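Colleague: Got a structure here, written out as structure tokens. Questions coming.
The values are calculated or read from the model by the stated rules, or taken from the named source; none is laboratory data. All values reported here derive from a predicted model rather than from experimental measurement. Note: ideal-geometry Cβ built from the backbone for every residue, glycine included; neighbour counts use all protein chains shown. Accessible surface is based on the protein model in full, side chains and every heavy atom, while ligands, DNA and RNA are left aside. Shrake-Rupley method; radii C 1.70, N 1.55, O 1.52, S 1.80 Å.
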Amino acid sequence: MNCRIAVIPGDGIGPEVITSSVAVLNRVGELYGHTFTYAYALAGGAAIDAYGIPLPDETVRICRENDAVLLGAVGGPKWDGLPGDLRPERAILGLRSQLGLYANIRPARLMPSLAGASPLRGSITEKGIDIIFVRELTGGIYFGERGRMKSSVGSVCAYDTECYSEDEVIRIGCKAFELAAVRRRNLVSVDKANVLESSRLWREVMHGLAERYPDVRYRDLYVDNAAMQLVSNPSDFDVVVLSNLFGDILTDEASAITGSIGLIPSASVGDGTFGLYEPIHGSAPDIAGKNIANPVASILSAAMLLRHSFSLDEEAKQIEDAAERAIRDGARTKDLTDSAGDAFLSTREMTEAILSRICG
């Protein structure tokens, strides 16, 4: 199979972890007879430096001409002083919108060998944590009307608008129900329907969808209760569907309870097989270039790419199993160590530990 992949290394540690992911993909290609061709493009801070904007038209064109997109990370303090519409993060929002990627799939699973890395008590982690979050990506407050104005007393006010249509909730809800149907048939929808009108519509639509999926156990949770339950009873969750804002916050909480944000991959998808795959961590400019970043989240994102965009389930499982075996055998990057004096592997060494466990 010939797999065409657009690659956006991005900023900070992005290029380092992308190098690891490409190395793993190439190893899989050698073992299974696949050809991976890569088209590199700029986005985020790197694009601002080169073109003056975070998302050049050329980058969008390259993404559309390929079958999937592999992204590193964008952003950093170098560009913090720019206006909101020129910040590096706008590249991610633009890619999701222009490529029709409205659903972000984020698995949060605690590897048994890393139970000690979770901040939760052993009596909680021993029950296991295996959750998939389905976050709406192209609606809500991040895309709503915003601005500033003068109040009646002359002070400056800022506003951001949360808005969802029935159609937007239906399509993300269907994604979540379909995913729950092939897992443990347990779906939680997170909202703030006791306060927000947009959440009341969200809940009404989700209740209507629940009637189409009678085999899936469905329940609602207010976002504040969901945040509490994630740290007190995470084993109760299977699939969780959330708005853009709530998903942004709670998925980072979930990454913390599973040991490290450096372990969590994600896939941004739409209605077809095309997708954008990226680790959920940021660009971590403080450690960029030091060869100490954890490449696992990016590598697992590459596994998600193989599974969703190319239906290469066996190859994806090879990568996932290799990463878990490496960690189970004691391979640790700095973020996975307990104290400053503990030995740890570099980015390249961790990559090699995973590569050595991929076998035909």
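Colleague: Which of the residues that make up segment 25-38 are surrounded by 15 or more Cβ atoms within 10 Å (Cβ to Cβ) and hydrophobic (A, V, I, L, M, F, W, C)?
Modeller: 25, 28, 36
Colleague: Suppose we keep only residues that are in contact with a Phe, Trp or Tyr (Cβ under 6 Å, 6 or more places away or on another chain) and among the β-branched types (Val, Ile, Thr) within segment 1-40. Which one would you say is farthest from residue 280 (Cα to Cα)? Walk me through how you get there before you give the answer.
Modeller: Residues of segment 1-40 that are in contact with a Phe, Trp or Tyr (Cβ under 6 Å, 6 or more places away or on another chain), as a first pass: 3, 5, 7, 25, 29.
Within this subset, residues satisfying the condition of being among the β-branched types (Val, Ile, Thr) are 5, 7.
Working: 5: 19, 7: 16 Å.
Restricting to residues being in contact with a Phe, Trp or Tyr (Cβ under 6 Å, 6 or more places away or on another chain) and among the β-branched types (Val, Ile, Thr), the top hit is 5.
Colleague: Given the options 147, 208, 154, name the one that is among the small types (Gly, Ala, Ser), in a helix (DSSP H, G or I), free of Cβ contacts under 8 Å to residues at least 24 places away in the same chain and surrounded by fewer than 14 Cβ atoms within 10 Å (Cβ to Cβ).
Modeller: Details: 147 fails: in a helix (DSSP H, G or I); 154 fails: in a helix (DSSP H, G or I).
None of the others qualify; the one that does is 208.
Colleague: Can you pull out the residues in segment 97-117 that are part of a strand (DSSP E or B), open to solvent by 10 Å² or more (accessible area, probe 1.4 Å) and not hydrophobic (A, V, I, L, M, F, W, C)?
Modeller: 106, 107, 109
Colleague: Still on this structure: Just checking, how many residues over segment 157-191 are in contact (Cβ under 8 Å) with a residue 40 or more places away in the chain and of a type outside the set (Phe, Trp, Tyr)?
Modeller: Within segment 157-191, residues that are in contact (Cβ under 8 Å) with a residue 40 or more places away in the chain and of a type outside the set (Phe, Trp, Tyr) number 18.
Colleague: Select from segment 118-137 the residues that are buried (at least 22 other Cβ atoms within 10 Å of the Cβ) and either free of Cβ contacts under 8 Å to residues at least 24 places away in the same chain or not charged (D, E, K, R) (or both) and write down the one among them that is farthest from residue 240 (Cα to Cα). Please lay out each step first, then the result.
Modeller: Keep residues of segment 118-137 that are buried (at least 22 other Cβ atoms within 10 Å of the Cβ), which gives 125, 131, 133-137.
With the extra rule that they be either free of Cβ contacts under 8 Å to residues at least 24 places away in the same chain or not charged (D, E, K, R) (or both), the set shrinks to 125, 131, 133-134, 137.
Details: 125: 19, 131: 7, 133: 5, 134: 6, 137: 14 Å.
Selected residue: 125.
Colleague: So residue 78 passes all but one of these: (1) of a type outside the set (Gly, Ala, Ser); (2) touching a Phe, Trp or Tyr at 6+ places or on another chain (Cβ under 8 Å); (3) open to solvent by 10 Å² or more (accessible area, probe 1.4 Å). Which condition number does it fail?
Modeller: Evaluating residue 78 over (1) of a type outside the set (Gly, Ala, Ser); (2) touching a Phe, Trp or Tyr at 6+ places or on another chain (Cβ under 8 Å); (3) open to solvent by 10 Å² or more (accessible area, probe 1.4 Å) leaves (2) as the failure.
Colleague: Just checking, does segment 230-248 include any residue being without any contact (Cβ under 8 Å) to a residue 12 or more places away in the chain, more than 23 Å from residue 164 (Cα to Cα) and in contact with a Phe, Trp or Tyr (Cβ under 8 Å, 6 or more places away or on another chain)?
Modeller: no
Colleague: Now for a separate question. Hey, does segment 29-37 have a residue that's free of Cβ contacts under 8 Å to residues at least 40 places away in the same chain, within 13 Å of residue 7 (Cα to Cα) and among the hydroxyl-bearing types (Ser, Thr, Tyr)? Talk me through it step by step, then tell me what you get.
Modeller: To start, the set of residues in segment 29-37 that are free of Cβ contacts under 8 Å to residues at least 40 places away in the same chain comprises 29-30, 33, 35-37.
Now drop any that are not within 13 Å of residue 7 (Cα to Cα), which leaves 36-37.
After this cut, where a residue has to be among the hydroxyl-bearing types (Ser, Thr, Tyr) as well, the list is 37.
Yes.
Colleague: Need the failing condition index for residue 87 against (1) within 27 Å of residue 237 (Cα to Cα); (2) open to solvent by 60 Å² or more (accessible area, probe 1.4 Å); (3) under 23 Å from the mean Cα position of the chain (by Cα), just the number.
Modeller: (1)
Colleague: Ok, one more. Could you identify the single residue in 232, 255, 243 that is touching a Gly at 6+ places or on another chain (Cβ under 9 Å) and either open to solvent by 40 Å² or more (accessible area, probe 1.4 Å) or modelled with pLDDT under 95 (or both)?
Modeller: That would be 255, the only listed residue that is touching a Gly at 6+ places or on another chain (Cβ under 9 Å) and either open to solvent by 40 Å² or more (accessible area, probe 1.4 Å) or modelled with pLDDT under 95 (or both).
Colleague: Separate question: Please verify whether residue 92 is under 18 Å from residue 137 (Cβ atoms) and either acidic (Asp, Glu) or part of a strand (DSSP E or B) (or both), treating the condition exactly as stated.
Modeller: When the stated conditions are applied, residue 92 does not pass them.
This table checks each residue for (1) without any contact (Cβ under 8 Å) to a residue 60 or more places away in the chain; (2) touching a strand residue (DSSP E or B) at 6+ places or on another chain (Cβ under 8 Å).
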position: 5; (1), (2): no, yes
position: 49; (1), (2): yes, no
position: 62; (1), (2): yes, yes
position: 67; (1), (2): no, yes
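Colleague: Report, by residue number, each residue of segment 302-339 that is more than 11 Å from residue 263 (Cβ to Cβ) and among the small types (Gly, Ala, Ser).
Modeller: 302, 303, 309, 311, 316, 322, 326, 330, 331, 339 - these are the residues of segment 302-339 that are more than 11 Å from residue 263 (Cβ to Cβ) and among the small types (Gly, Ala, Ser).
Colleague: If you scan segment 219-229, which residues turn out to be open to solvent by 50 Å² or more (accessible area, probe 1.4 Å) and more than 13 Å from residue 246 (Cβ to Cβ)?
Modeller: Once the filter is applied, which keeps residues that are open to solvent by 50 Å² or more (accessible area, probe 1.4 Å) and more than 13 Å from residue 246 (Cβ to Cβ), segment 219-229 yields 219, 228.
Colleague: May I pose another question? Run residue 194 past the list (1) assigned to a loop (DSSP other than H, G, I, E, B); (2) closer than 22 Å to residue 100 by Cβ and report the number of the one that doesn't hold.
Modeller: Only one criterion in (1) assigned to a loop (DSSP other than H, G, I, E, B); (2) closer than 22 Å to residue 100 by Cβ is unmet by residue 194, namely (2).
Colleague: Name the pairs: first residue in segment 103-116 and at negative phi and in contact (Cβ under 8 Å) with a residue 24 or more places away in the chain, second residue open to solvent by 30 Å² or more (accessible area, probe 1.4 Å) and assigned to a strand (DSSP E or B), Cβ to Cβ under 9 Å, at least 6 apart or on different chains?
Modeller: Short answer, once both residue conditions are applied: 107/130; 108/130; 109/130; 110/130.
Colleague: Within segment 305-328, which residues are within 17 Å of the chain's Cα centre (by Cα), open to solvent by 30 Å² or more (accessible area, probe 1.4 Å) and closer than 26 Å to residue 12 by Cα?
Modeller: Correct list: 320 only.
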